[in-house]
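Here's the structure we're looking at; comments come further down.
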Amino acid sequence: ALHYPSASAAPDSAEPLSSTRISEVIRVGVETGKLHYAVLPLIGHLTGRRLGLLVHLTGNDFREKFDKVWVAQTAGIMRINGRWKRVPIKTNASMTFFVLHEFLKEIGFIDWAVAQEENFIFPGLMKLKDPSKSGSSYMQRLFEKAGVVDDRREVFHSLRGGNIEDMRDAKVDSRDRKLQAGHQIGADEHELYGFRSIPEKRAREIARMPLNADIDFTVFKGLDFDRLAREEG
């Protein structure tokens, strides 16, 4: 008989999270009083970007691309603990800007992030040896604390998939959905023409996408992001 190690098995595919579970994750995250627990699930849910990129954001990565439409875009390389390192991106498409939902501006997070300038948004995570891996472990710990413990298919990556589904439901163009999520736009010659970034009209649509009414976002109103960052360490 042949025996294969569990590590050789195909990875489980992420499954969608219910609105109730997302609400519980963000509630518990805010209650921890730490910035990465409070904000990372929200940004993941609203942008669809990978966790490894989000934890490496600095204040200088945020800018107002179009009138009242804010975006974030990594420079691709940064100085971490005195050494220059590349941001852990999966594809070159991850280097494009992604749109920030206007809710992040409404709660004051974008203004706070911009004020950090060259500093990291999640300073506590960036002090660790492997910020991306640690961020993933912390998020899994948060999900478990929020009661998401049935299996390992409902994970932070589920928020990314959920955002893509939300964009599809909102009739966001397929090409713009890929650009927002940081996916390659494909090898089709026609699709490769034009700017390889989201145009103003589509960016505005993404920034103003309706929030899921079944998710409780009120926990983010009135947060003190300076205090949350200090508690993160």
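The values are calculated or read from the model by the stated rules, or taken from the named source; none is laboratory data. In this text the structure is predicted, and so the values were computed from the model without any measurement. Neighbour counts are summed over all protein chains in view; Cβ atoms, including those assigned to glycine, are modelled from backbone coordinates with ideal geometry. Keep in mind that these areas ignore ligands, DNA and RNA; they rest on the heavy atoms of the full protein, side chains included. Shrake-Rupley method; radii C 1.70, N 1.55, O 1.52, S 1.80 Å.
Condition check ((1) open to solvent by 70 Å² or more (accessible area, probe 1.4 Å); (2) within 19 Å of the chain's Cα centre (by Cα); (3) basic (Lys, Arg)) across all residues:
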position: Val149; (1), (2), (3): yes, no, no
position: Gly161; (1), (2), (3): no, yes, no
position: Arg168; (1), (2), (3): yes, yes, yes
position: Ser174; (1), (2), (3): no, no, no
position: Lys178; (1), (2), (3): no, yes, yes
position: Ala181; (1), (2), (3): no, yes, no
position: Gln184; (1), (2), (3): yes, yes, no
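The test for being under 15 Å from Leu159 (Cα atoms) and either at pLDDT 90 or above or within 18 Å of the chain's Cα centre (by Cα) (or both) does not hold for Ala113. Contact annotation: residue pairs with Cβ atoms under 8 Å, 6 or more positions apart or on different chains, pairing a residue in segment 14-37 that is within 15 Å of Phe122 (Cβ to Cβ) with a partner that is open to solvent by 50 Å² or more (accessible area, probe 1.4 Å), are Gly33/Arg227; Gly33/Glu231; Lys34/Glu231; Leu35/Glu231; His36/Tyr138; Tyr37/Tyr138.
Residue selection: Lys90 fails the criterion of being more than 30 Å from Val149 (Cβ to Cβ), of a type outside the set (Gly, Ala, Ser) and modelled with pLDDT under 90.
Of everything in segment 60-72, what is of a type outside the set (D, E, K, R) and either in contact with a Ser or Thr (Cβ under 7 Å, 6 or more places away or on another chain) or assigned to a strand (DSSP E or B) (or both)? Give them in sequence order.
Residues satisfying the conditions are Phe62, Phe66, Val69, Trp70, Val71, Ala72.
Considering the conditions (1) at pLDDT below 95; (2) open to solvent by less than 50 Å² (accessible area, probe 1.4 Å), Leu40 is excluded by exactly one of them, (1). Say we look at segment 56-73 and pick out the residues that are within 19 Å of Ser132 (Cβ to Cβ) and within 13 Å of the chain's Cα centre (by Cα); which of these is surrounded by the most Cβ atoms within 10 Å (Cβ to Cβ)? So the residue we want is His56.
Could you check, for segment 131-147, whether at least one of its residues is in a loop (DSSP other than H, G, I, E, B), surrounded by fewer than 19 Cβ atoms within 10 Å (Cβ to Cβ) and at positive phi?
yes
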